[in-house]
Amino acid sequence: MGILEACYSKSGYKTIYSIWEELAEDLWMVNDREHCIFNTGLTKENASDYIKSVAAQFIVLLESELPEDFFHLSACPECGYIGKSEYKAINNPWMPAKLFKFIYKHSQTQMAICLKCKKPFPKNMSDYEGREQYLNKITNKLSNNGGGLNAASLPDAHAELDVIL
Ligand SMILES: [Zn+2]
């Protein structure tokens, strides 16, 4: 993991390498606090398999032409939407933001929701599962377990995703 983290700083902090930094942080979290921030489903027990999955996925991502705003995208597990998410205030959502700030002296806590179905907590691209959903969408495959990625179809799939987005 140390090497991969070093990759991130050597790459001039090219955003794609942040995947490893976030995974490293999560690995520390599951060992120390038994919960993680970025990667859905990561546990102390499955950590070694999880790292392998992330590595395999990472190679696919490097070969893909990712949109510049890749890490700003969200993937909704409920309705399959991939794109920008929306934010909703958690406390007193009926209260105008300025008034809330005036009364409570801080901004309202926001929660990410799906732009399409409004369900809370769409997965983002810092999450292995969010990226998996993205890749499945652009390769038009229900599952990418087994079977390699068809690189030739990628530019088409990206064009299609641009239309969807
Ligand atoms: Zn949704």
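Read the figures in this text as sums done on the coordinates, not as results from a lab. Bear in mind that the values here come from a model prediction, so they are computed numbers and not experimental data. Neighbour counts are summed over all protein chains in view; Cβ atoms, including those assigned to glycine, are modelled from backbone coordinates with ideal geometry.
If you take all other residues with their beta carbon under 14 Å from the beta carbon of THR109, and give Lys and Arg +1 and Asp and Glu -1, the sum is +3.
Bridging of LYS98 to lysines at a Cα separation below 22 Å is possible for LYS88, once same-chain residues fewer than 8 apart are set aside. Listed from fewest to most Cβ neighbours within 10 Å, the set CYS76, CYS117 follows the order CYS117, CYS76. A Cβ-based charge dipole, computed about the Cα centre of the range 30-107 with Lys and Arg at +1 and Asp and Glu at -1, lands at about 640 debye.
Loop-resident GluC sites (Glu not before Pro) (DSSP state other than H, G, I, E or B) in the range 8-79 with no more than 13 further Cβ atoms inside 10 Å of their Cβ: GLU34, GLU45, GLU65, GLU68, GLU78.
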